[in-house]
Amino acid sequence: MEQLDRALAKLEAELTVSPQVMKALAASFAAAMTAGLAGKASSLKMLPAFIGIPAGYEQGEVVAVDFGGTNVRVLLLTLAGWGRCNILVKRFFPLKDKQKQYDYTAATASGSQLFDYIAEKIAEIIPRGEHIYPLGYTFSYPCRQYAVAEAELISWTKEIKTAGVEGQNVGQLLQAALERNGIGNVRLAAVINDTTGTLLTAAYCDAAADIGAICGTGHNSCYLEPVHPLTKQPMIVNLESGNFAAVSQTRYDAWLDKASEKPGTQRLEKMAAGQYLGELVRIIISDLAADGLLTVSAADSLQVPYVLSSEDLSAILADSTAGLRSVADTAAVRLGLCSLKVEELAALQQLTRLVVDRSARLVAATWAGVLYKIDPELTRQHTIAVDGSLYEKMPGYAAGLAQAMEDVLGPGAGKIALRLSKDGSGIGAAIAAATVQAADGKA
Ligand code: GLC
């Protein structure tokens, strides 16, 4: 066990992000924002959203589609102004289903199959007839926008591979699918990123909200640029911060990256997002096993990539039983490690904690970077609106973020509120659509 303890101490040293490191990361994040905004080389794409913060009075009955993970969500909702919103229908549809033998996220699926599927699902909940529903569409991948409803997919992230969508106008693809499927009474009004949706939802009722983020399957943030160079008006900017590159990788991160769909990209996301945290933990455990530090039995599944999910990590961290029953079950069922001693289970729990805490501290450092850029002296209140499974469900994650904000900002952190923007990515699409309608004088 002594050797395992030593290995853990080494891991702790490698994975801990100190306040000093966070401050340096925040400074380089702010510099990357400035460069990206000025069109200079930067790992931050700084994508303009062509939308600002809602005025609060936006109202109406709106359809929202939220596409960004393994499910697509379709909502029909009524906005009543000033944060009031009534969800009339909300349905989830999986984009892949082994039993039904489909996977619209695979390279074998085409864009039109994917968008026809989404259109069919919209058809299932929207009444047909004369009434025209504006559609807000959350599409949570890096898009070059030319207007609020014109968004071109730059490249897939989060290991999605559907063919023929990169470089295409994803709004047009959905609108065309709606028409192919005979849904003439739903009209695209806005395409937004999920971070934008999260921010819009919070800003609908909170005037201090100016940063939005997703800590879920993927990781990304956006913020309100007070004077955007393109319009000289306030505009939300999608940072695509998952691609932030000035984070130093351990050898485990480098291994994960090398085996990923797009090596060299999304460096921060591969260290911070739910899609990858389980895989990082698996890689570290298999390294410990290869060094003979764990009691390995028939450990075949230990070598299977992505066999550990972030839900498994949640179960590991939530376990406070004396014998660490959930850790033991997860290790046995997922990794084939059936005869671990309780000390080894404790080590697995501890290294999971290290990987999850590092994610929260890296993310907090980037938010501090945004604050360094928009309000370096912290002269006013800021709300950071967050949605996503890690923030909502991973034990200790939200608390870790709050602690990390204090560590990086010091007493100034008192000006910063973190706020769960529940279902923000979907509701935000509706707010975006209603904002566009209001601006067009139709609402
Ligand atoms: C990935 C996408 C980004 C999205 C994030 C959260 O990082 O590139 O657009 O906001 O995931 O879903």
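Any residue at all in segment 286-300 that's without any contact (Cβ under 8 Å) to a residue 60 or more places away in the chain and within 26 Å of the chain's Cα centre (by Cα)? For segment 286-300, residues without any contact (Cβ under 8 Å) to a residue 60 or more places away in the chain and within 26 Å of the chain's Cα centre (by Cα): absent.
Confirm whether K40 is part of a loop (DSSP other than H, G, I, E, B), modelled with pLDDT of 95 or more, more than 16 Å from the ligand (Cβ to nearest atom) and closer than 28 Å to V165 by Cα. Taking the combined requirement at face value, the residue satisfies it. Residues in segment 17-33 that are part of a helix (DSSP H, G or I) and free of Cβ contacts under 8 Å to residues at least 12 places away in the same chain: Q20, A24, A31.
The criterion of at least 3 residues that are closer than 30 Å to A26 by Cα is met, among helices (runs of 4 or more DSSP H) falling completely within segment 265-350, by 269-272, 274-290, 310-318. Contact map, segment 34-57: residues that are over 15 Å from Q145 (Cβ atoms) paired with residues that are crowded, with 20+ Cβ neighbours inside 10 Å and of a type in the set (F, W, Y), Cβ distance under 7 Å, separation 6+ or inter-chain. Pairs shown: S43/F244; L44/F244; P54/Y204; G56/Y204.
Restricting attention to segment 197-217 and to residues that are over 11 Å from G424 (Cβ atoms) and of a type in the set (A, V, I, L, M, F, W, C), the residue that is nearest to the ligand (Cβ to nearest atom) turns out to be C215.
Close contacts from segment 383-410, counting a first residue that is farther than 19 Å from T16 by Cβ and surrounded by 18 or more Cβ atoms within 10 Å (Cβ to Cβ) and a second that is at pLDDT below 95 and basic (K, R), with Cβ to Cβ under 8 Å and a gap of 6+ residues or different chains, come to D387/K422. Does A272 qualify as being among the small types (G, A, S) and away from the ligand (no atom under 16 Å from the Cβ)? So A272 fails the test. Is it the case that segment 202-219 has a residue that's without any contact (Cβ under 8 Å) to a residue 40 or more places away in the chain and under 21 Å from the mean Cα position of the chain (by Cα)? No, every residue in segment 202-219 fails to be without any contact (Cβ under 8 Å) to a residue 40 or more places away in the chain and under 21 Å from the mean Cα position of the chain (by Cα). Restricting E179, E159, E166 to those that are more than 18 Å from the chain's Cα centre (by Cα) and either surrounded by 21 or more Cβ atoms within 10 Å (Cβ to Cβ) or not in a helix (DSSP H, G or I) (or both) reduces the list to E166. Against the list (1) more than 16 Å from the ligand (Cβ to nearest atom); (2) in contact with a Ser or Thr (Cβ under 6 Å, 6 or more places away or on another chain); (3) closer than 22 Å to L239 by Cα, the condition S297 fails is (3). Entry remark, segment 126-151: residues being more than 13 Å from the ligand (Cβ to nearest atom), touching a Phe, Trp or Tyr at 6+ places or on another chain (Cβ under 9 Å) and not in a loop (DSSP other than H, G, I, E, B) number 4 in total. From the list A404, A439, A365, A433, the one residue that fits, being hydrophobic (A, V, I, L, M, F, W, C), over 21 Å from K270 (Cβ atoms) and either touching a Pro at 6+ places or on another chain (Cβ under 9 Å) or modelled with pLDDT of 95 or more (or both), is A433.
Condition check for Q113 on (1) more than 16 Å from the ligand (Cβ to nearest atom); (2) within 24 Å of the chain's Cα centre (by Cα): one failure, at (2).
The values are calculated or read from the model by the stated rules, or taken from the named source; none is laboratory data. Since this is a predicted model, take the numbers as computed values, not measurements. Note: ideal-geometry Cβ built from the backbone for every residue, glycine included; neighbour counts use all protein chains shown.
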